[in-house]
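Taking it in order: structure first as structure tokens, then the write-up.
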Amino acid sequence: MKPVFLAGAALLLGAAPALADTLVDNVDGVTLDASNAVDHFTGLVIGNDGRIVKVLHRGDPRPPKVDYKIDGKGRYLMPGLIDSHAHVMGVGFAALSLDLNAARSLGEALDMIGAYARAHPNLPWILGRGWNQELWPEKRFPTAAELDAVVPDRPVWLERVDGHAGWANSKAIELAAITAATKDPAGGKIERVAASGKPAGVFVDNASALIDKAVPAPRPEDRDLAFATAQDELLRRGVTAAADMGTTIEDWQTYRRAGDNGTLRIRIMAYGHGIEDTVLIGGPGPTPWLYEDRLRLNGVKLYADGALGSRGASLKAPYADAPGTKGLRITSDTALKNMMSRAALDHFQVAVHAIGDEGNAAVLAAIEDLAPTYGGDRRWRIEHAQIVDPADIARFGRNGIIASMQPVHQTSDRLMAEARLGPDRLAGAYAWHSMEAAGARLAFGSDAPVELPDPFAGLAAAITRQGPDSEPLGGWQPQERVTREEALAAYTAGGAYAGFAEGRFGRLVAGERADFLLVDRDPMLEGPSSLRQTQVLQAWVNGRLAWEAERN
């Protein structure tokens, strides 16, 4: 790929002083107006505070004098994209550890683990993520004994692709002091050897914490490296802002260090990892916007249930492929309502993970109970909302609920969802169009590192309901497609609104922050396959060049 060269861009890099007026001209620009209609433009005037002063259209006079004039050479310019559900530090740590996403069988996974262990003989723990038994011919959870065969000498701990289960070897289980006598924690399950009751190797949802507590904590310098890596990964894919779901106090300190030393290049809307971390970070309420609107603690991230892949999503009826279970409630109704009330009392925005239809119904009921007490503009968020009883969809239109959804989950999970639910329970699955029609506000994201933080793949999935293989023909549950404009809005203005950032960033209009991308094709005209292949040439945040593709 040959990236665009913008004369004078180097002046805007690094720790340069505050910008003077800048003209970005000769671009084929696109944004959405307040009604989500497409607005084409050819230039931007950016003030010394990083905000847009004026959007220039064809024929508009250019300012006679600016400090920097940048020729876009006719390239395509679009708003910076917002990932409304990501785990930012997880993106960085995943890139720096063992990645099992490519494994298509248990044998392949074991070969990758063994090779990684041999290549890193000095690592005290082998850590990684990305395995997915649903992609393997075996279609079953792996075991500690199978891990022991390839790494017998060191503890191994590997997160499932969805982050809702983990796979440990015997060394890790021993270090965590887990035995047959260890009880399943509330909201979690230890998979066990049938004959003895000993841990079999996989720990689901809250049971994962039993192993996590034995894993050495990363050092601050490890966190700083992971965050720098995550920023590069997000920016190169066109993500200039992200809602960080489950921010710990250590994560927050990492972001603050980056803000203090001038290396915070993306915008982060943070949601604390439960009540304790949220209060540690924010104290009596959400923080102010910091570092030129680059960082704010908005609220708290809570959990209703688990994930579909590990059969932890809480369903109203048993799983079609496991009639003995309806999944797991990570948080009971009473505890969930108490935590939501505690957060709302201090005006923290509440974001609740809910995947199964029972889990979603529980969160909806809690919001309906709490909304009259905690009035005002709360913007209650339901994260994922993957499997919803069609009878409950209308409830998303009440009380200003944000449906924070991830389009690529639908294309990745399609076959698994069919197996888990059966054909008669799919009408409310990944129901983007129905949610919006009911009055919910859509905010799209990736759940990275569960999926790649690739908004162009998400845009293509949202408008087609098809995977990268163009399957299934005509789209899966095609009535739930959204228009290209609606999809772009959910990745821009909708994401900003979901994080109380409207008017600050999310649209290319006068007064908002100049966050934009230069890309190699028109995002409003390309077919789905081509849209997925979009290459980001440059990413600009606050009117400054934040990332650029390497020149060949």
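One table, with the values for the structure above:
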{"read-out": "Residue match in segment 93-107 (condition: under 30 Å from Trp252 (Cβ atoms) and in contact with a Pro (Cβ under 7 Å, 6 or more places away or on another chain))", "value": "yes"}
{"read-out": "Unique match (being modelled with pLDDT of 95 or more and more than 27 Å from Val350 (Cα to Cα)) among Ala443, Ala457", "value": "Ala457"}
{"read-out": "Filtered residues of segment 203-238 (kept if among the aliphatic types (A, V, I, L, M), closer than 24 Å to Phe444 by Cβ and in contact with a helix residue (DSSP H, G or I) (Cβ under 6 Å, 6 or more places away or on another chain))", "value": "Ala230"}
{"read-out": "Residue in segment 360-370 that is touching an Asp or Glu at 6+ places or on another chain (Cβ under 7 Å), closer than 24 Å to Lys189 by Cβ and assigned to a loop (DSSP other than H, G, I, E, B) present", "value": "no"}
{"read-out": "Residue that is surrounded by fewer than 19 Cβ atoms within 10 Å (Cβ to Cβ) and either assigned to a helix (DSSP H, G or I) or not β-branched (Val, Ile, Thr) (or both), where the choices are Met416, Met340", "value": "Met416"}
{"read-out": "Residue within segment 113-123 that is closer than 30 Å to Phe444 by Cβ, modelled with pLDDT of 95 or more and buried (at least 16 other Cβ atoms within 10 Å of the Cβ) present", "value": "no"}
{"read-out": "Which numbered condition Val300 fails, given (1) hydrophobic (A, V, I, L, M, F, W, C); (2) part of a loop (DSSP other than H, G, I, E, B); (3) closer than 22 Å to Ala270 by Cβ", "value": "(2)"}
{"read-out": "Selection from segment 438-454 of residues that are under 29 Å from Pro318 (Cα atoms) and surrounded by fewer than 19 Cβ atoms within 10 Å (Cβ to Cβ)", "value": "Ala438"}
{"read-out": "Glu138 in a loop (DSSP other than H, G, I, E, B), touching a residue at least 24 places away in the same chain (Cβ under 8 Å) and on the phi < 0 side of the Ramachandran plot", "value": "yes"}
{"read-out": "Scope segment 437-458; condition over 10 Å from the mean Cα position of the chain (by Cα), hydrophobic (A, V, I, L, M, F, W, C) and assigned to a loop (DSSP other than H, G, I, E, B); matching residues", "value": "Ala438, Ala440"}
{"read-out": "Residue match in segment 35-51 (condition: closer than 22 Å to Arg294 by Cα, surrounded by 13 or more Cβ atoms within 10 Å (Cβ to Cβ) and among the hydroxyl-bearing types (Ser, Thr, Tyr))", "value": "no"}
{"read-out": "Only one of Gly467, Gly494, Gly475 that is under 30 Å from Thr22 (Cα atoms) and either assigned to a loop (DSSP other than H, G, I, E, B) or in contact with a Leu (Cβ under 8 Å, 6 or more places away or on another chain) (or both)", "value": "Gly494"}
{"read-out": "Spans of strands (runs of 3 or more DSSP E) in segment 25-131 with at least 2 residues among the β-branched types (Val, Ile, Thr) and more than 30 Å from Phe227 (Cβ to Cβ)", "value": "38-46, 52-56"}
{"read-out": "Lone unmet requirement of (1) at pLDDT below 95; (2) among the acidic types (Asp, Glu); (3) over 18 Å from Gly163 (Cα atoms) for Asp205", "value": "(3)"}
{"read-out": "Candidates Thr247, Thr263, filtered to the one that is crowded, with 21+ Cβ neighbours inside 10 Å and in contact (Cβ under 8 Å) with a residue 12 or more places away in the chain", "value": "Thr247"}
{"read-out": "Long-range neighbours under 9 Å by Cβ, at least six apart or interchain, first residue closer than 16 Å to Gly282 by Cα and at pLDDT 95 or above within segment 334-347, second among the charged types (D, E, K, R) and surrounded by 14 or more Cβ atoms within 10 Å (Cβ to Cβ)", "value": "Ala344/Arg378; His347/Arg378"}
{"read-out": "Residue selected from segment 419-436 under the condition assigned to a helix (DSSP H, G or I) and among the aliphatic types (A, V, I, L, M), by the criterion farthest from Ala498 (Cα to Cα)", "value": "Ala419"}
{"read-out": "From Ile173, Ile190, Ile178, residue being more than 24 Å from the chain's Cα centre (by Cα) and either closer than 26 Å to His384 by Cβ or in a strand (DSSP E or B) (or both)", "value": "Ile190"}
{"read-out": "Subset of segment 365-402 (residues that are without any contact (Cβ under 8 Å) to a residue 60 or more places away in the chain, buried (at least 20 other Cβ atoms within 10 Å of the Cβ) and of a type in the set (Val, Ile, Thr))", "value": "Ile367, Ile382, Val388, Ile393, Ile401"}
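A quick yes/no check of all residues on (1) touching a residue at least 40 places away in the same chain (Cβ under 8 Å); (2) out of contact with any Pro (no Cβ under 8 Å at 6 or more places or on another chain); (3) crowded, with 17+ Cβ neighbours inside 10 Å:
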site	(1), (2), (3)
Asp148	no, yes, no
Asp153	no, yes, no
Val156	yes, yes, yes
Ala181	no, yes, no
Lys189	yes, yes, yes
Lys198	no, yes, yes
Ala207	no, no, yes
Ala217	no, yes, no
Ala230	yes, yes, yes
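Rundown of residues vs (1) surrounded by fewer than 24 Cβ atoms within 10 Å (Cβ to Cβ); (2) modelled with pLDDT under 95; (3) under 20 Å from the mean Cα position of the chain (by Cα), yes/no style:
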site: Glu486; (1), (2), (3): yes, no, yes
site: Tyr491; (1), (2), (3): no, no, yes
site: Phe505; (1), (2), (3): no, no, yes
site: Asp515; (1), (2), (3): no, no, yes
site: Arg521; (1), (2), (3): yes, no, no
site: Arg532; (1), (2), (3): yes, no, yes
site: Trp540; (1), (2), (3): no, no, no
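The values are calculated or read from the model by the stated rules, or taken from the named source; none is laboratory data. The structure displayed is predicted, hence computed values, not measured ones. Reconstructed Cβ throughout: ideal geometry from the backbone, glycine too, with neighbour counts over all protein chains shown.
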